[in-house]
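First the structure, in the form of structure tokens, and then the observations on it.
Quick note: the coordinates plus some simple rules give every number you see, no bench work behind them. Keep in mind that this is a model prediction, so the values were computed, not measured. Every residue, glycine among them, receives a Cβ derived from its backbone with ideal geometry; neighbour counts consider all protein chains shown.
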Amino acid sequence: MAQRGVAILGSTGSIGESALAVLRRQRDHFTVVALTGGRNAERLSAQVAEWKPAFAGLAEGNGREGFPVGPEVLVEAATRSDVDIVLNAVVGAAGLDATLAALRAGKRVALANKESLVMAGELVAEAAREGGGEVVPVDSEHSAVLQCVGAQGRELARLIITASGGPFRTWDPARVAEATVDQALHHPTWKMGSKITVDSATMANKALEVIEAHFLFGLPYDRLDVVVHPQSIVHAFAEFWDGSVIAQVGFPTMELPILYALTHPTRLPDQGIRRYDPVAAGSLTFEPVRSDVFRAFHLGVEAGRAGGTAPAVFNAANEEAVAAFLAGGLRFGRISEVIDAVLSQHVPGPARDVETVRAADRWARVEARSLLGIPC
Ligand code: NAD
Ligand code: MG
């Protein structure tokens, strides 16, 4: 494989740092040509010192850090001519424009930023068609599906993606409603950024992933199932026309799906990834999603089924509610209530263009903030 240029958007975050750990072992095959962070100048400076990329910028910087600043740095990094692969590891709606721009510029987008696909799945597909780019998922469940399906995409009958169930899997609903920020951030199997960790505790994350799977693999919602699997060893099951099921397994690590998103459809040797051991993995158990606790999950899947602008509204209401929860201003149980209230005010329309999606996103944030008593 010739050496390929990689841009990492959100390099200072959890996925960004895992990606750099992978790339440190794969220097013969990839070169880091662009890095962007949010506002963590110190972390970005350390990465720049190690990797010496041709471009580095801070999307939320104040200009005093010595880097180009502003949201435009994402698109600038993503569309450079020396970039072949854009790893989009930005959290939230802020990642959308760079996903679209990279695809229009013909890049492979290794997509961790699932919010892009949830907000604008059809527009993402259109941008890829127009520009010749491609989306390869980084999310572990979707990477698992891709690895199971191989060349048999047409013969896929159903997907079952797994969920750990998060820290509140066995709690009673009244206790979950009062959960603290520390409790919500204490994920049993994955170490991740704070927004996705809260999304895993509400299981809004799994709704985002069902919508993501709908757009990536083209299946209707009644053929996308979720099962709770507390050990996080089986990442997904793919069922084919004849009833045969293939699963992908492994100890939980994001390094493997990140590496696969860079190398798909081929593979590279990598000794840094813990080898699977079925005896060490022990018993694997599966249970249904509890609807009494994980209301945000059901609301999100319903928004997916409604389609058009509804998923963007779900995503924006969730982002606002999670930010308020993390800031200490909201009970855990209110997150799903806020999402529900915003969605029930929304009349979904077609997600015609990015302006329409952005308008739905803005509207949902204003609604959510007014419910939360936060000035807009
Ligand atoms: P994180 O919070 O650790 O990192 C987010 C990165 O985005 C940081 O570099 C941050 O500086 C940057 N950022 C934040 N706000 C920004 C903005 N407005 N503009 C530009 N950059 C901004 O989050 P993470 O856990 O690495 O997750 C990143 C994405 O990957 C999310 O979409 C998440 O759902 C997805 N994902 C993460 C994991 C995981 O294990 N962490 C697994 C699957 C999917
Ligand atoms: Mg996932």
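Values computed for the structure shown
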| quantity | calculated |
| --- | --- |
| Count of residues meeting criterion [more than 16 Å from ALA321 (Cα to Cα) and surrounded by fewer than 16 Cβ atoms within 10 Å (Cβ to Cβ)] in region 172-188 | 8 |
| LEU343 being of a type outside the set (S, T, N, Q) and either closer than 30 Å to ALA101 by Cα or within 22 Å of the chain's Cα centre (by Cα) (or both) | yes |
| Options THR170, THR180: the member that is touching a residue at least 40 places away in the same chain (Cβ under 8 Å) and either among the β-branched types (Val, Ile, Thr) or over 27 Å from GLY37 (Cα atoms) (or both) | THR180 |
| Cβ pairs under 8 Å, 6+ apart, first in region 66-84 and in contact (Cβ under 8 Å) with a residue 40 or more places away in the chain, second among the charged types (D, E, K, R) and not in a loop (DSSP other than H, G, I, E, B) | LEU74/ASP97; ASP84/ARG4; ASP84/ARG108 |
| Which numbered condition ALA213 misses (of (1) in a loop (DSSP other than H, G, I, E, B); (2) within 13 Å of ligand 2 (Cβ to nearest atom)) | (1) |
| Pairs with Cβ under 9 Å, 6+ apart, first in region 206-230 and at positive phi, second part of a helix (DSSP H, G or I) and not hydrophobic (A, V, I, L, M, F, W, C) | GLY218/GLY153 |
| Enumeration of residues in region 17-44 that are surrounded by 24 or more Cβ atoms within 10 Å (Cβ to Cβ) and within 16 Å of ligand 2 (Cβ to nearest atom) | ALA19 |
| Lone unmet requirement of (1) among the aromatic types (Phe, Trp, Tyr); (2) surrounded by fewer than 22 Cβ atoms within 10 Å (Cβ to Cβ); (3) within 17 Å of LYS195 (Cβ to Cβ) for PHE325 | (2) |
| Filtered residue count, region 184-200, keeping only those that are in contact (Cβ under 8 Å) with a residue 60 or more places away in the chain and away from ligand 2 (no atom under 16 Å from the Cβ) | 1 |
| Residues that are under 19 Å from VAL75 (Cβ atoms) and part of a loop (DSSP other than H, G, I, E, B), drawn from region 19-63 | GLY38, ARG39, PRO53, ALA54, ALA59, GLU60, GLY61, GLY63 |
| Top-ranked residue of region 274-308 - restricted to ones that are surrounded by 15 or more Cβ atoms within 10 Å (Cβ to Cβ) and among the β-branched types (Val, Ile, Thr), ranked as farthest from the chain's Cα centre (by Cα) | VAL293 |
